[in-house]
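The values are calculated or read from the model by the stated rules, or taken from the named source; none is laboratory data. Just so it is clear, the structure is predicted and the values come from calculations on it, not from any experiment. When we count neighbours, we look across all protein chains shown, and the Cβ atoms used for this are built from the backbone with ideal geometry, even at glycine.
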Amino acid sequence: MASLELKGVRKAFGSTPVLDDVSLTLESREFIAFLGPSGSGKSTLLRIIAGLETADAGEVWLEGRRIDRLPPGDRGVAMVFQHYALYPHMSVRENMAFGLKNARVSKDEIERRIADAAAVLEIDPLLERKPGQLSGGQRQRVAIGRALVKEPKLFLLDEPLSNLDAALRLRTRVELAQLKQRVDAAVIMVTHDQAEAMTLADRVIVMNDRRIQQVGPPMEIYTRPANTFVAQFVGSPAMTLSPASLVQGEGEFAALTLGDGTLVETRVPRTSLPAGELRIGLRPEAVRVARSGAKAKVELVERLGERTLIYARLADGQPITAEDSGNSRVRIGDEVSLKIEGASAHVFDAEGAGYHRAES
């Protein structure tokens, strides 16, 4: 049985539409991430599932039961907020017990659940401390623990790592990855950080402009983006998109020329492409500094240790991002040759729809 089903969910605030006909199925114990820019509707969708917002249309089902008409406390859902929302005058133990006491859970059962959650989250030594005595990462674990003790059927995480510094965010991300293996519930996380989504989620739901743009496993989202928005939003730095012309011929795969005349032989089936304007999409790892190839003028060099990113312009002025080795000698102002790996190229039509290399 599917854990969660969203059917045609719509929402507007006044005359401003926020969600437009969103439908989705979440499987049992699946971890999914809503990924998208601010204003894409992902947090509103999470709040509708939790019962903190009311949808204008559509239905929300959890394990075969319709829940969008139920109050938040009766839905079997637990939410972890971006700002922790811990009671500062209560100890960690009291914070974790508060909701259970209100639900009139027995004292022995409360103690059992707190002990189990504390063991999973490794916060046993913190149970008698107040939130003010904890680090940001510890407070985040307590907030997760407070949700965990409710033993929900679905966890909702609203940007759970956004308030942590870079090092702590990385460590907490690892902890969340380990936690999802121990929790017998489905998890939905909202984030605008693609590294979090790609690392943690079984599937990523990319949202923009009130709608779901693409649903799939992380590497499918990266390697076969549905459209130009997904192609440029997922991946850092963003994919290069360049106008291109289809070379007429009878080969199985499409060959395209860039504005500077560079020929790129792709593995995209020629017959799959529509007539009209086309753009070619190139990830940085598909463009390498080489001894021969397309000529480009270097505008920026970004040294990242294990690799170097080269931001350059082709002869026709088209920006392009390439990769070089970590010890690259390329400098700003240099003219370099770029070898384009056509087998990794993507093609997009005038409407932005993506076409990719044939599946082997």
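Laid out as a table, the results:
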| quantity | calculated |
| --- | --- |
| Flag if E109 is in the same structural domain as N208 (by TED's automatic domain parsing) and not in a helix (DSSP H, G or I) | no |
| Selection within region 291-309 - surrounded by fewer than 16 Cβ atoms within 10 Å (Cβ to Cβ) and in contact with a Lys or Arg (Cβ under 7 Å, 6 or more places away or on another chain) | K297, E299 |
| Pick from region 192-210, criterion surrounded by fewer than 18 Cβ atoms within 10 Å (Cβ to Cβ) and among the acidic types (D, E), ranking: farthest from S28 (Cα to Cα) | D209 |
| Boolean, I205 is within 24 Å of D20 (Cα to Cα) and touching a strand residue (DSSP E or B) at 6+ places or on another chain (Cβ under 6 Å) | yes |
| Odd one out for R288 among (1) out of contact with any Leu (no Cβ under 6 Å at 6 or more places or on another chain); (2) surrounded by fewer than 14 Cβ atoms within 10 Å (Cβ to Cβ); (3) in a strand (DSSP E or B) | (2) |
| Failed condition for V301, given (1) part of a strand (DSSP E or B); (2) without any contact (Cβ under 8 Å) to a residue 40 or more places away in the chain; (3) under 20 Å from A343 (Cα atoms) | (3) |
| Counted residues, region 49-84 - those being part of a loop (DSSP other than H, G, I, E, B), within 30 Å of G136 (Cβ to Cβ) and not basic (K, R) | 8 |
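Let's see how each residue does on (1) in contact with a strand residue (DSSP E or B) (Cβ under 6 Å, 6 or more places away or on another chain); (2) without any contact (Cβ under 8 Å) to a residue 60 or more places away in the chain; (3) not basic (K, R):
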{"position": "A50", "(1), (2), (3)": "yes, no, yes"}
{"position": "W61", "(1), (2), (3)": "yes, yes, yes"}
{"position": "R65", "(1), (2), (3)": "no, yes, no"}
{"position": "V77", "(1), (2), (3)": "yes, no, yes"}
{"position": "Q82", "(1), (2), (3)": "yes, no, yes"}
